[in-house]
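For reference, the structure is listed below as structure tokens.
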Amino acid sequence: SGHRSHQTGLDADIWFRMANRPISKWEQDAPKEWALIDEPSYKMLPGRFGPQQLTLLRLAASKPEVARIFVNPVIKSAVCQQAGSEPWVAKLRPWVGHFSHFHVRLRCPVGSPDCEPQAPIPPGNGCGEELASWLKDKPQLPKVSGINKRPELPARCGN
């Protein structure tokens, strides 16, 4: 995707869309077609978030290698309503965008001195005041040009 965070090998995006075949290039380029959330109204689209998506998040967040998962605040709210008492819910952190996918951040591998670990997740499940502020403020992605421009990598990553 060209996102700087994805250049470290510790980040991956996982689509919420369930399919019995790979997602085509056209589908990848049309994320609004598969969005779970209506961006302007900041509301969940009917029938887009169900047991399969909840299970997918549960499976990912339950892995010890996963440090945290970034999801849209509306999705975090739906998870809090359905599974708020489960311990893995704390790993889900609200973040702008993420209308059709979630972002997984892995822990630093053992013996990687250059890897900077994430700050610890705050106590609690993240379903309280912090989430309420995200839902109240309805933050949107900034309009950016040059999004497909590849970030410059450190010299040690070169050929």
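The values are calculated or read from the model by the stated rules, or taken from the named source; none is laboratory data. Note that this is a predicted model, so its numbers are computed, not measured. Positions of Cβ are backbone-derived with ideal geometry, glycine not excepted, and every protein chain shown enters the neighbour counts. Note: areas computed on protein heavy atoms with side chains; ligands, DNA, RNA excluded. Shrake-Rupley method; radii C 1.70, N 1.55, O 1.52, S 1.80 Å.
Couplings 3J(HN,Hα) for the range 118-125, derived from phi with the Karplus relation 6.51 cos²θ - 1.76 cosθ + 1.60 (θ = phi - 60°), are 5, 5, x, 6, x, x, x, 9 Hz, where x marks Gly and Pro. Beyond 18 Å in Cα-Cα separation lie the following of the pairs Lys76/Lys138; Lys43/Lys76; Lys43/Lys138; Lys43/Lys63; Lys43/Lys91; Lys63/Lys138: Lys43/Lys63; Lys43/Lys91; Lys63/Lys138.
At the residue level, Ile69 shows approximately 0 square angstrom of accessible surface with a 1.4 angstrom probe and all protein chains present. Taking Lys138, Lys43, Lys76 and ordering them by how much accessible surface each has at a 1.4 Å probe, largest first, produces Lys43, Lys138, Lys76. Residue order by solvent-accessible surface for Leu56, Leu36 is Leu56, Leu36, largest first, with ligands and nucleic acids left out and a 1.4 Å probe.
For Met18, the solvent-accessible surface computed with a 1.4 Å probe is close to 80 Å², ligands and nucleic acids excluded.
3J(HN,Hα) couplings calculated from phi for the range 85-99 with the Karplus curve 6.51 cos²θ - 1.76 cosθ + 1.60 (θ = phi - 60°) are, in sequence order, 8, 7, x, 5, 4, 4, 6, 7, 10, x, 7, 4, x, 6, 7 Hz; Gly and Pro show x. Database remark: amide H of Val66 closer than 5 angstrom to the amide H of Arg107 (H placed geometrically; neighbours at sequence offset of 5 or more, or on other chains; Pro and chain starts carry no H). Only protein heavy atoms count here; on that basis, with a 1.4 Å probe, Ser62 has an accessible area of about 70 Å². Here's how it looks for Ile37: its modeled amide H is under 5 Å from those of Leu45, which are all 5 or more places away or on a different chain. Which net charge results for the neighbourhood of Gln118, defined as the other residues with beta-carbon distances under 13 angstrom from its beta-carbon, given Lys and Arg at +1 and Asp and Glu at -1? Net charge around Gln118: +2.
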